[in-house]
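Colleague: Please see the structure below; I have some questions.
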Amino acid sequence: MSNLKWLLLILLILILLLISIVFTKIKVFIDFYHGKDDDQLTITLKAWGGLLTYKKEIPMIKVAEDDAAVVIKEKTKTGPSENTTHEQENSFNEKDLVNSLHDTKAILEHVLGLHTLVRKLMRKVKVKKLEWHTGVGIGDAASTAILCGAIWGLKGAIVGLISNYMRLTVHPVLTVTPNFQQFASQIQLKCIFQLRVGHAMWTGLKLVKYWKGGIPDFKTKPLSVLPSDNTNSV
């Protein structure tokens with residue numbers, strides 16, 4: 001086979017691979033549980049029928065006594081059988097919150113029509129499952145009833161926002177269970193979102209296109225590695 005045929009074959013394979021990636025659907029599974037002092041958050045990403053899997057578990061959240069930082073213990077699993085595991089412990093304090101707000105403001109100032117771009121991307125997201133169960137009690141029957149009514153109103157407003165920004169393809173399952181006898185707080189949230197990789201890639205290209213100015217001086221760790229235009233040249 002000539003070099004030209006090999007080149008055309010490789011080019012064809014690359015094109016088919018790119019097309020398969022663009023049309024790949026990613027499912028995001030979110031499972032959150034809160035009950036008394038037990039907090040558990042699990043986020044799982046799956047593609048190609050589970051052949052590609054990325055799972056992050058956040059099983060414990062506590063407050064450090066020395067600097068009042070929120071300490072999060074994370075466990076990350078990858079692979080179709082989730083056989084590769086990595087554990088790490090991260091902290092989030094008041095300074096990190098201020099830095100996150102700073103970076104969010106910087107991105108909003110540097111991207112023209114960011115809200116429009118994000119809204120268009122969110123309209124491509126399908127909500128395949130939405131279950132939200134809440135158990136609450138504050139020891140007084142009348143106050144508990146009022147609180148349950150407020151929670152019902154909050155859930156209705158949030159579901160309304162989700163249906164406005166995303167494609168809600170299922171009927172949400174919402175419950176609020178009052179406990180009139182004692183203090184109680186329990187939350188169970190299960191969601192499944194689906195998005196094509198191509199839609200996310202297209203939005204990323206649009207972000208680059210409508211970015212104005214240079215790169216700002218980011219404060220958070222993931223973004224601070226980017227070179228800032230505020231550095232002085234010699």
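The values are calculated or read from the model by the stated rules, or taken from the named source; none is laboratory data. Predicted model, so just to flag it, every value in this text is computed and none were measured. Methodologically, a virtual Cβ is constructed for each residue, glycine included, from the backbone with ideal geometry; neighbour enumeration extends over all protein chains shown. Surface accessibility is based on the protein's heavy atoms, side chains included, excluding ligands, DNA and RNA. Shrake-Rupley method; radii C 1.70, N 1.55, O 1.52, S 1.80 Å.
Colleague: How about segment 158-167: which of its residues are open to solvent by less than 50 Å² (accessible area, probe 1.4 Å) and aliphatic (A, V, I, L, M)? Working first, answer last.
Modeller: At the first step, the residues of segment 158-167 found to be open to solvent by less than 50 Å² (accessible area, probe 1.4 Å) are 159-160, 162, 166.
Scanning segment 158-167 gives Val159, Ile162, Met166.
Colleague: To continue, here is another question. Of all residues in segment 202-216, which are in contact with a helix residue (DSSP H, G or I) (Cβ under 7 Å, 6 or more places away or on another chain) and loosely packed, with under 14 Cβ neighbours inside 10 Å?
Modeller: Lys212, Gly213, listed by residue number.
Colleague: Name the one entry in Lys219, Lys190, Lys155 that is charged (D, E, K, R), over 30 Å from Ile19 (Cβ atoms) and open to solvent by less than 50 Å² (accessible area, probe 1.4 Å).
Modeller: Details: Lys219 fails: open to solvent by less than 50 Å² (accessible area, probe 1.4 Å); Lys190 fails: open to solvent by less than 50 Å² (accessible area, probe 1.4 Å).
After ruling out the rest, the residue left standing is Lys155.
Colleague: Another question about this same structure. Being open to solvent by 60 Å² or more (accessible area, probe 1.4 Å) and of a type in the set (Gly, Ala, Ser) is the filter here, so list the residues in segment 138-149 that pass it.
Modeller: Once the filter is applied, which keeps residues that are open to solvent by 60 Å² or more (accessible area, probe 1.4 Å) and of a type in the set (Gly, Ala, Ser), segment 138-149 yields only Ala142.
Colleague: Output the residue which, of all residues in segment 92-137 that are within 27 Å of Gly153 (Cα to Cα) and either over 19 Å from the mean Cα position of the chain (by Cα) or of a type in the set (S, T, N, Q) (or both), is most open to solvent (accessible area, probe 1.4 Å).
Modeller: His133
Colleague: Also, I was wondering about something else. Report yes if His86 is in a strand (DSSP E or B), farther than 27 Å from Leu205 by Cβ and modelled with pLDDT under 80, otherwise no. Quick ask: steps written out before the conclusion?
Modeller: On the way: in a strand (DSSP E or B): yes; farther than 27 Å from Leu205 by Cβ: yes; modelled with pLDDT under 80: yes.
Yes.
Colleague: For residues that are open to solvent by less than 40 Å² (accessible area, probe 1.4 Å) and under 16 Å from Trp132 (Cβ atoms), tally how many sit in segment 173-187.
Modeller: Number of matching residues: 1.
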